[in-house]
Amino acid sequence: MKLKLKLGRKAIALTGVAVATAAIAATVFQLDPSITVTTTDPANNAYKAKMGWISYKSATTQPEYDVKAQIMVYADGMPGKQNIYVARSTDNGATWSQQAVTSNGGAALTGVASGYLATNNKPNIYVAPIGVINNGKGANALLTWTSTDCTDAGNNVTDIPGPAPAQLINSTLVPNQPYMCLWTARSADGGLNWVKQRLTDGFLDTDEDVPAGFVKYTNDTTATGGFAITYQADPAGLKPGEAEGPGEGASGAAVNPGTNVWYTFLTKAAFEANTPFPLATSVSDNVATGSGAPGASRPNLGISGGKAVLAYEETACSGGSTGKCIVYHNFTYSTPPVLSAGTVVSDPSHNARRVRFLLQGDEALAGLGDAGSGLTKGVHVLMVWRETGLTTPAAASDVMMIRGIKNTVLRAGSTGFLPTDLEPYAVAKNLSDPANANIDDNALAQRGVLRGEFAVIAYDHTDNKTQADLYSDTYNLFITSSNDGGDTWGAPRNMSNITSNAIHVVEPRLVGTPGTIKLPNGTATADPSDIQNADALFVSWGTETNAATSVPQDIFLTRSTDKGVSYETAQRLAGDGGVAVEASEAQLRSPPDGKTLGALWMQRNSTTGVVDVIYRNGAEVTVVPPAVANSGGGGCSAASSRAPFDPVLPFLTGLGLIALGIRRTRQARSPL
């Protein structure tokens, strides 16, 4: 969506000048009023919203994608009694329908869990980018969440039954709680209807679930693809947190020996046929449960063109320290490894955690994505994690980076995703402290974008963790980028510029534009917003009070349209400085052209305690200043319908407007 504000124009003639001074159009990003999405559950206690977008044809007879749906998932309900909800919009977020995917929140559990209540926790979502409805199915979305309910008592007749319950009680946590079971729900009609399935039986305590998928169309009726889910499962029950980060604790980072990462999948055809997800297989090989044995946690999963990448952190690495290392797997999504040691990609003598990665296929690069062609750096995987050489809990850490590079000249059969394509940890780059000179600086919450040869990484950072831990220093959001596939990186740039120790940055978000959306036969759509502008980036960050019990404050937003060379002036996306509302946990989504944005966040009323999901649109607005036209002539005069006047003033005004347009390229600064 583009709005043009046309301002008045006046022709000005200046003596001896025979050139035209063109008006320079300035673009700004304008935010619409916010919308409250969560209005269904009377508890008004929404939690952990996430969102995906899909463009699909409602029938094979449609020449274009006639439906563009935004699908949002969240939990809501009283604490300990929550349900999973889906909200859906097909009018660019102007209105939202809502439906409950579960209805068991607050119900009394039976069997070994008697005396406990059903609650549903932390939903996640994957939405296929495109689809075609054929015989009622073809626009696919996948949800996952964990629940204390390990029975099918609340299922509908269309839901898929799970395995026989074998639930245990976790006596480690205070108060005790039942082991969590992993649930999923699928939609094949663009989020209108959902089919649930319980995947686990409660004998292992599940957490940190991640859904993923891919689709590839040949025409309206021919497509391939698949959907997968990974999660961790602890044989001795979820452990309390170790206060190593800003999270809520008991979030899956601390695990017992024998905790494994599991994986299950379906083809697109089986998914749409409501075939049950098969029982998961253990990808990791942690079979021992004795003290000191390894445990895997916090997996991440991505699928690029059918190639799955799965990475996680693991304790007790062979030959390593008392900390964790990062383990990597790559496989065809439909043939996962079983009880595999994987490949350790971090320095095992250090403590590494919080792995994230960025993937891209051959089509994103020149030379068939092959560095051996000499036309590209060949980067298909860019992996980052936090790492420290210290053994103390919550030690200061750096953001480290390695790449997966396709080079068939050096390695026959290279794809860029194979473990043999990954750079060794000995050459990992330190992105947050490039000189490795500050042992007390700390970086966390890294995010990234990879587009061809361009890569950008964002992270929260303090130069003085010792003082920041005492609330006498603060954290800011920094960004560093590379234009040569990660060979070299620019100096980190401070985006938030917080100078007060009263607040600090949290929850950075860095979002690039998705790839160009094409029709199923591979041709262009009629919608210009479907064409990718790979130069566009959106950046947001939250703030919260710098105290032992921190309180969320605001969320700020900026955009770049030139791969981070410059950023628009940062503006407040959400919040009011902590006066009446507390805004946190933003999610950003943009169409391929980067000219509009959909954003959601969690917002708590500081007085009533009500928590809602809030949504807000933004759009690029083009402002055209007055055009100044110059032509030759005798004497100094102004061509106008008005009386003659001195042309110097409008000439200077025109120069000022040009300067004003150029000013937008300055580095973004927070309005704090």
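The values are calculated or read from the model by the stated rules, or taken from the named source; none is laboratory data. All of these numbers come straight from a predicted model, not from anything done at the bench. Neighbour counts are summed over all protein chains in view; Cβ atoms, including those assigned to glycine, are modelled from backbone coordinates with ideal geometry. The protein model used for the area step is the full one, side chains on, heavy atoms only, and it has no ligands, DNA or RNA in it. Shrake-Rupley method; radii C 1.70, N 1.55, O 1.52, S 1.80 Å.
Couple of notes before you dig in:
- Whole-percent carbon and sulfur share, accessible surface of the chain, 1.4 Å: 56 percent
- Compared with the dominant Cα axis of the chain, that is its longest principal axis, helix 648-663 is turned about 20°.
- Each other residue within a Cβ distance under 15 Å of ASP362 adds +1 if Lys or Arg and -1 if Asp or Glu, for a net charge of +1.
- Coupling constants for the range 563-569 follow from the phi torsions by the Karplus curve (6.51 cos²θ - 1.76 cosθ + 1.60, θ = phi - 60°), and in residue order they are 6, x, 5, 9, 10, 5, 4 Hz; glycine and proline get x.
- Here's how it looks for ASN533: its modeled amide H is under 5 Å from those of ASP593, GLY594, which are all 5 or more places away or on a different chain.
- Rg to Rh quotient for the chain, alpha carbon positions, Kirkwood Rh: 1.00
- Applying a threshold of 31 Å to the alpha-carbon distances of LYS406/LYS465; LYS57/LYS377; LYS122/LYS324; LYS48/LYS324; LYS57/LYS307 flags LYS406/LYS465; LYS57/LYS377 as lying beyond it.
- Neighbourhood charge, 12 Å Cβ-Cβ cut-off, centred on ASN546 and excluding it, Lys, Arg +1 and Asp, Glu -1: -3
- Per-residue 3J(HN,Hα) values for the range 190-201, derived from phi via the Karplus relation 6.51 cos²θ - 1.76 cosθ + 1.60 with θ = phi - 60°, read x, x, 7, 10, 9, 10, 8, 8, 8, 8, 10, 9 Hz in sequence order (x marks Gly and Pro).
- Dividing the summed helix terms, -39500 (n - 2.57) for each DSSP H run of n ≥ 4, by the number of residues in the chain produces a 222 nm estimate of -1000 deg cm²/dmol to the nearest 500.
- Listed peptides 515-523, 358-366 by packing density, highest first (mean Cβ within 10 Å): 358-366, 515-523
- Peptide ranges 169-179, 375-385 listed from the most packed, as the mean C-beta count within 10 angstrom indicates: 375-385, 169-179
- Relative contact order (%) - the chain, alpha-carbon pairs under 8 angstrom, separation at least six: 15 percent
- Surface analysis of the chain yields an accessible area of 40 Å² per residue, using protein heavy atoms and a 1.4 Å probe.
- TYR425, TYR263, reordered so the largest accessible area comes first (probe 1.4 Å): TYR425, TYR263
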